[in-house]
1. Exactly one of these conditions fails for residue 256: (1) under 30 Å from residue 27 (Cα atoms); (2) touching a strand residue (DSSP E or B) at 6+ places or on another chain (Cβ under 6 Å); (3) small (Gly, Ala, Ser). Give me its number.
2. What do you reckon, is residue 88 under 20 Å from residue 61 (Cα atoms) and surrounded by 15 or more Cβ atoms within 10 Å (Cβ to Cβ)?
3. Can you give me the ranges of the helices (runs of 4 or more DSSP H) entirely in segment 306-382 with at least 1 residues that are free of Cβ contacts under 8 Å to residues at least 12 places away in the same chain and not assigned by TED's automatic domain parsing to the domain that holds residue 166?
4. All but one of (1) over 24 Å from residue 326 (Cα atoms); (2) acidic (Asp, Glu); (3) in contact (Cβ under 8 Å) with a residue 40 or more places away in the chain hold for residue 33, so report the exception by its number.
5. Going by what's in this entry, would residue 286 be described as under 26 Å from residue 17 (Cα atoms), out of contact with any His (no Cβ under 7 Å at 6 or more places or on another chain), of a type outside the set (Lys, Arg) and touching a residue at least 40 places away in the same chain (Cβ under 8 Å)?
6. Quick one: in segment 285-301, which of the residues that are touching a Pro at 6+ places or on another chain (Cβ under 9 Å) and part of a helix (DSSP H, G or I) is nearest to residue 225 (Cα to Cα)?
7. Could you go through segment 260-269 and let me know if any residue there is touching a His at 6+ places or on another chain (Cβ under 9 Å), closer than 23 Å to residue 360 by Cβ, not hydrophobic (A, V, I, L, M, F, W, C) and not in a loop (DSSP other than H, G, I, E, B).
8. Answer with yes or no whether residue 317 is in contact with a helix residue (DSSP H, G or I) (Cβ under 7 Å, 6 or more places away or on another chain), modelled with pLDDT of 95 or more, among the β-branched types (Val, Ile, Thr) and more than 17 Å from residue 181 (Cα to Cα).
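The values are calculated or read from the model by the stated rules, or taken from the named source; none is laboratory data. Fair warning: this is a prediction, and the values are worked out from it, not measured in the lab. Virtual Cβ from ideal backbone geometry, glycine too; neighbours counted across all protein chains shown.
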Amino acid sequence: MSFHPPPRRILVRGVNWLGDAVMTTPALMRLREKYRTAHLTLLAPEKLRDLWRHHPAVDEVISFAAGEGLFSVGRKLRAGRFDLALVLPNSPRSAMETWLAGIPQRLGYARSWRNGFLTRAVPPRPGHVQMRKPTIREIRRLIDDPQMVTSGFKPPTTAHQLYEYLHLVAALGASDEPMPPSLVVTVAEVEAAKQKFGLLESLKVARPFFGLNPGAEYGPAKRWPAERFIAAARAIQERTNCEWLIFGGKRDTALADGIHSALRTPHSALHNLAGHTSLREMVALLKLCRVLLTNDTGPMHVAAALGTPVVVPFGSTSPELTGPGLPGDSRHRLLKSDAPCSPCFLRECPIDFRCLNGISNERAVQAVLEAVQAGHRTQESV
């Protein structure tokens, strides 16, 4: 798709979740490469507005509040006088917002109930994999007779979600060559976070910061058991003399408080940050960490995009589809069990949680130590 003249003002309707937003960054960078002189505006939920601070692909962010009406957003966009809109989410509403704004060119994936609001509806790309949720009956049959799984869940290497966004920008003439997701945080932001959360004294004794992120907003089927996090964190601290930073949102405070209490001893070094950081402060502190032990959730993607190695127990979800960073990045350790029903993509496990129970804390400890050592070797070679 070519434009004569090329668009001067481009709107990208961003996605609604933190991890998904990070996975759009390669596509945004490719779009910026193609349209270097265009003014690129991102429409994003207010909760994600600050994620885009300092990002080289974005000139401006327009945000909308939770619960803000469709017509309100449309009026807000109309004032921008955009030439072109790229709609990344697949929802009818996201396409309607750009239609109400009167943007003459509107491109997004073809989906029922929204194609009429787009001027170009892009068919599903080759390699697209649907995340189908099995029924409880199907799960029980898999458990009772694993021979039913003739080939297993083996998506192609290009099945990852970031390729979905790259395919859309390719329809606008941009390159679809993959690149790692990336975020930007300044030295000043990192220094301010250290000061605010009392980390300067720890730095004086050269104790490394490791991150722990035990929550997952999607649901309990993505959460490795808290007792495994505790056992792994205790063993890692004994072997590395690390200082733990416990991350989480406001909904994770009870979980984080319990882990903090279990790990706290007269000689332990840890900081419970759950529910106390802004988005930018979390970004800065994840940049500070040598490694993050985390569930498959938004901060996992943020850490990887900042260059922090992550260790992730995967249960109901698939690292092939939504894993951290660029697929195949050797800095990260992605742990899976041999449960025949995984991935099921369910929010709650309908049986016995065997996918995550099958990942021992010993495996996580070893993976964290390997990730730290590999990161240390990489730093030495630079």
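1. Failed condition: (1).
2. Details: under 20 Å from residue 61 (Cα atoms): yes; surrounded by 15 or more Cβ atoms within 10 Å (Cβ to Cβ): yes.
Answer is yes for this residue.
3. On the way: elements: 319-322, 354-357, 361-381.
So the answer is 361-381.
4. (1)
5. Numbers: under 26 Å from residue 17 (Cα atoms): yes; out of contact with any His (no Cβ under 7 Å at 6 or more places or on another chain): yes; of a type outside the set (Lys, Arg): yes; touching a residue at least 40 places away in the same chain (Cβ under 8 Å): yes.
Yes.
6. Initially, segment 285-301 is screened for residues touching a Pro at 6+ places or on another chain (Cβ under 9 Å), giving 286, 289-296, 300-301.
Of the ones still in play, those that are also part of a helix (DSSP H, G or I) are 286, 300-301.
Values: 286: 22, 300: 17, 301: 20 Å.
Looking at residues that are touching a Pro at 6+ places or on another chain (Cβ under 9 Å) and part of a helix (DSSP H, G or I), I get 300.
7. Our first condition is that a residue be touching a His at 6+ places or on another chain (Cβ under 9 Å); within segment 260-269, this holds for 260.
Still in the list and also closer than 23 Å to residue 360 by Cβ: 260.
Now drop any that are not not hydrophobic (A, V, I, L, M, F, W, C), which leaves 260.
Okay, now just the ones that are also not in a loop (DSSP other than H, G, I, E, B), so 260.
Checking segment 260-269: at least one residue is touching a His at 6+ places or on another chain (Cβ under 9 Å), closer than 23 Å to residue 360 by Cβ, not hydrophobic (A, V, I, L, M, F, W, C) and not in a loop (DSSP other than H, G, I, E, B).
8. On the way: in contact with a helix residue (DSSP H, G or I) (Cβ under 7 Å, 6 or more places away or on another chain): yes; modelled with pLDDT of 95 or more: no; among the β-branched types (Val, Ile, Thr): yes; more than 17 Å from residue 181 (Cα to Cα): yes.
For residue 317, the condition - in contact with a helix residue (DSSP H, G or I) (Cβ under 7 Å, 6 or more places away or on another chain), modelled with pLDDT of 95 or more, among the β-branched types (Val, Ile, Thr) and more than 17 Å from residue 181 (Cα to Cα) - is not met.
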